[in-house]
Amino acid sequence: MGLWTQIALGTGVMSLCAAVHIGLMVLSMRPLSRMDAHFRNHFTIVRAGLLIGTGFAVTVLGHTLQVWFWALSFMLMDSFGTIEEALYFALASFTTLGYGDVLLGEHTRIFGAFSAVTGMLTFGVSTAFLVGLIGRALPKNLH
C-alpha cells in the first residue's frame with residue numbers, strides 16, 4: 001500500500017474513532033446532568049462516585065471500541081494472522097507503549113502510526129472530560 005493510501009486510510013480510521021469517542025461523551029452529558037440533579041441532595045460520596053464512575057465507564061468504552069476498530073482494520077489489511085495479534089498490536093500502539101515484539105510490514109507502517117496518534121488525542125479529550133466531571137462532582141467547599 002502506498003504512502004498516500006496509508007495516510008488517507010489512517011486519517012479515516014482516526015476520524016471514525018474520534019467521532020465515536022466524542023459522540024459517546026456528548027451522548028453521556030444529558031444522563032450525567034440528570035444523575036447530578038437527581039443526587040444533588042444525597043451524600044456527596046455517593047453522588048461523586050456515580051458521576052465519576054459513569055464518566056469513567058463511558059471513557060473506557062470509547063477507548064475499547066477504538067482499539068477494536070484499529071485491530072479490525074489491521075485484520076482487513078492482512079497485517080496480522082490472528083485477531084489476538086492484531087488486538088495486541090492495536091492496544092500497544094494506541095497506548096503508545098509500542099513494545100516492539102509485534103511489528104507491521106512496510107505496507108502498513110504509516111497507517112499503524114495513526115493508531116498512536118488517535119490514542120494520544122483521545123486520551124487528551126478523555127482527561128479533559130473527566131477533569132470537568134470531577135470538578136462538577138466535588139463539593140464546592142473543596143474547590
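Any read-out appearing in this document is the output of simple, stated calculations on the displayed coordinates, not a laboratory observation. Model, not experiment: these values are computed from the prediction. Cβ placement follows ideal geometry from the backbone for every residue including glycine, while neighbour counts extend to all protein chains displayed.
Brief remarks on what is shown
- Any hit, segment 65-78, residues being under 25 Å from MET1 (Cα atoms), β-branched (Val, Ile, Thr) and in a loop (DSSP other than H, G, I, E, B): no
- Tally, over segment 30-62, of residues that are surrounded by 14 or more Cβ atoms within 10 Å (Cβ to Cβ), assigned to a helix (DSSP H, G or I) and either without any contact (Cβ under 8 Å) to a residue 24 or more places away in the chain or among the charged types (D, E, K, R) (or both): 4
- Yes/no for ALA18 being among the hydrophobic types (A, V, I, L, M, F, W, C), surrounded by 11 or more Cβ atoms within 10 Å (Cβ to Cβ) and touching a Pro at 6+ places or on another chain (Cβ under 9 Å): no
- Restricting attention to segment 105-126, the residues that are of a type outside the set (D, E, K, R) and surrounded by fewer than 19 Cβ atoms within 10 Å (Cβ to Cβ) total 11.
- Scope segment 92-142; condition of a type in the set (Asp, Glu) and in a helix (DSSP H, G or I); matching residues: GLU106
- Long-range neighbours under 7 Å by Cβ, at least six apart or interchain, first residue farther than 17 Å from ILE83 by Cβ and touching a residue at least 60 places away in the same chain (Cβ under 8 Å) within segment 102-113, second part of a helix (DSSP H, G or I) and not hydroxyl-bearing (Ser, Thr, Tyr): ILE110/LEU3; ILE110/GLN6; ILE110/ILE7; ILE110/GLY10; PHE111/GLN6; PHE111/LEU9; PHE111/GLY10
- Test: residue in segment 3-11 that is under 15 Å from the mean Cα position of the chain (by Cα) and either more than 22 Å from LEU121 (Cα to Cα) or crowded, with 19+ Cβ neighbours inside 10 Å (or both): no
- Only one of the listed residues (LEU65, LEU72) is touching a Cys at 6+ places or on another chain (Cβ under 9 Å) and surrounded by fewer than 17 Cβ atoms within 10 Å (Cβ to Cβ). That residue is LEU65.
- Close pairs (7 angstrom Cβ cut-off, 6 or more residues apart or separate chains): under 15 Å from ALA71 (Cα atoms) in segment 4-27, surrounded by 14 or more Cβ atoms within 10 Å (Cβ to Cβ) and among the polar types (S, T, N, Q) anywhere: VAL13/SER73; MET14/THR118; CYS17/GLN66; CYS17/THR118; CYS17/THR122
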